[in-house]
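J.: Have a look at this one.
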Amino acid sequence: MKNVAIIIGGILLMSCRTTIKMSIPEVFKEQATMEHVKGTGTNKMSFGKISTSKIKRGAQISGSGWQDPYYFPENILLNQIGIQKSGSVDTEKGKFRYLLSNGKDHMEIFATEHKMVRTVDYEAVNIKSVFNSFEQVQQYDYIFSAIIKPDTARKWELVMTNNYDRYKQGDTNPFSIVKRADHGLATNGEDTIYVKPLSLEQTESVNGKLRKLPFTIMSGYELSTSGGVIAVVDMIDKNIWFYNELDETERLQIGAIGTALFARKIHNVNW
């Protein structure tokens, strides 16, 4: 990959009552081209000269397990003050595959997703109210892996992860929310592309004033090499911004990463 001495900085939430957009810094816009990805959320995507075959998906498997017996000793005491403690573990697995082509070169993509969420639930006994229960995330593990196989060159592997463990991290805030900020990298053993999540942290009103949000919103991903940013994947408007100096092979590689991120199902489901 070519060196690009550009770093993506301020990302804004452009809000006019209902409109939410990622703001791409002008320094990058001037040296990049935006391609809108059609068909995200369906079984086929395309942008510019690049398109996917039909995305073939394996069975999406989900499961739940309860940990109530584990909390039996605690509940002996908690029940005396009107509280019942229970726990659950939810898991989801999925996989998909497709072919990406620019009409001349092809890449095969084989991907898998896995998510595990372990929670503890506290419920007030014999109290009828919408506020009589409280769920607390104890552990969250998400991993996404995609093998990208070009026609002739060596294969790439994309890995994205997001992990949280309340106990190991010493998190004492009972209302902590796990950030939707998976990150990772893609490598073929020689070159590496780093995939960094981007978040919206400010709003801009119609009169141009900026206001800081009390929370952040996951908006997309910055793809970079050691030399700088080479692409931005906009998950809100479903666009990919390509640095203009990328050749066709590099654009196809970025396209494989971008479409794989758009094709995920488990990651986009709220828990």
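J.: Per residue and in cubic angstrom, what volume does the convex hull of the Cα atoms of the range 82-155 have?
T.: In the range 82-155, the Cα convex hull volume per residue is 109 Å³.
J.: Further question on the same structure: What Kirkwood radius, in Å to one decimal, follows from the Cα pairs of the range 20-153?
T.: Computed over the range 20-153, the radius equals 19.6 Å.
J.: Please compute P(r) over all alpha-carbon pairs of the range 121-188, binned at 5 Å starting from zero, and give each bin as a whole-number percent.
T.: 4, 13, 16, 13, 12, 11, 9, 7, 6, 4, 3, 2, 1, 0
J.: How large a share of the accessible area of the range 21-263, in percent, is made up of carbon and sulfur atoms when the probe is 1.4 Å and the other protein chains stay in place?
T.: About 53 percent, which is the carbon plus sulfur part of the accessible surface.
J.: How large is the accessible surface per residue of the range 99-192, computed with a 1.4 Å probe and reported in Å² as a whole number?
T.: 59 Å²
J.: Sequence-distant or interchain residues sharing an amide H contact under 5 Å with residue 199, placed H: which?
T.: 219
J.: Also, quick follow-up: Taking loop as defined by DSSP and a crowding limit of 11 other beta carbons within 10 Å, which chymotrypsin sites (Phe, Trp or Tyr not before Pro) in the range 155-200 fit?
T.: Passing both the DSSP loop test and the Cβ count: 167, 175.
J.: What's the magnitude of the charge dipole for the range 21-263 around its Cα centre, counting Lys and Arg as +1 and Asp and Glu as -1 at the beta-carbon? Answer in Debye, nearest 20.
T.: 600 debye
J.: Taking the range 21-263, how much of its Cα-Cα pair set, in percent, is spaced more than 28 angstrom apart?
T.: Here the tail beyond 28 Å accounts for 45 percent of pairs.
The values are calculated or read from the model by the stated rules, or taken from the named source; none is laboratory data. Being a predicted model, the structure only gives us computed values, none of them experimental. In this analysis, Cβ positions are derived from the backbone assuming ideal geometry, glycine residues included, and neighbour counts consider all displayed protein chains. All accessible areas refer to the heavy atoms of the entire protein, side chains included, with ligands and DNA or RNA removed. Shrake-Rupley method; radii C 1.70, N 1.55, O 1.52, S 1.80 Å.
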